[in-house]
Amino acid sequence: MRPRLAHWLSRPATGAACRLLLGGVFVYTAVSKLTNPAEIAPLINGYRLLHPDLVNLAAITLPWVEFVAGALLIFGIAPQSAALVVAGLLGLFMGAAFLAVVRGLEIECGCFFPFMGSERLDAAFFVRDAVLLAMALQALVWPSSFLRRGPSTSLRSASR
């Protein structure tokens, strides 16, 4: 990686911005899903990845995972762990969306339900999630000390 880019990515302000924005996005999207699990279940079922008996469980638990991970990022409590969970969720979401596109499923994303209406799986979805994934990786590799609770260690300094 270029030294200037690495320097910019490792700045505390960059880390704080990524952590707060990413946490805010996940809390924002989780809130409406928490109050409407019955409306989320058909969206999850549309991907045709889970057994029908597991769809309701996913509709109930997934928003809580999103909410807790986002709140942990915002408040700086175990931010690297929260960033790892968020990165895993984004990878899962992108993988499920990719499979849906490859299989020709015409479904709604359900990502920002109900705020953005019917959002289709298209190039904009993948670009947005790739940007969010990059933010999660930044928070994981170069954690910010801004509003952080607990010891400050980065994966870069721990590996030296």
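The values are calculated or read from the model by the stated rules, or taken from the named source; none is laboratory data. Fair warning: this is a prediction, and the values are worked out from it, not measured in the lab. We place every Cβ from the backbone using ideal geometry, glycine too, and count neighbours over all the protein chains shown.
Residues of the stretch 128-160 that are more than 13 Å from the chain's Cα centre (by Cα), at pLDDT 75 or above and surrounded by fewer than 18 Cβ atoms within 10 Å (Cβ to Cβ): 141 alone. Scan the stretch 33-92 for residues that are outside any helix (DSSP H, G or I) and within 19 Å of residue 141 (Cβ to Cβ) and the total you get is 3.
Residues that are at pLDDT 90 or above, aliphatic (A, V, I, L, M) and out of contact with any Leu (no Cβ under 9 Å at 6 or more places or on another chain) within the stretch 93-126 comprise just one, 102.
Residue by residue, here is whether (1) buried (at least 18 other Cβ atoms within 10 Å of the Cβ); (2) over 23 Å from residue 99 (Cα atoms) holds:
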site: 14; (1), (2): no, yes
site: 25; (1), (2): yes, yes
site: 48; (1), (2): no, no
site: 53; (1), (2): no, no
site: 61; (1), (2): no, no
site: 72; (1), (2): yes, yes
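Scanning the stretch 1-32 for residues that are among the hydrophobic types (A, V, I, L, M, F, W, C) and either at pLDDT below 90 or not in a helix (DSSP H, G or I) (or both) turns up 1, 5, 6, 8, 9, 13, 16, 17, 18. Figure legend. Inter-residue proximity from the stretch 38-60: first residues touching a residue at least 40 places away in the same chain (Cβ under 8 Å), second residues assigned to a helix (DSSP H, G or I) and buried (at least 16 other Cβ atoms within 10 Å of the Cβ), beta-carbon distance below 6 Å, spacing 6+ or different chains. Indicated pairs: 40/33; 40/59; 44/55; 44/58; 44/59; 47/96; 47/100; 49/96.
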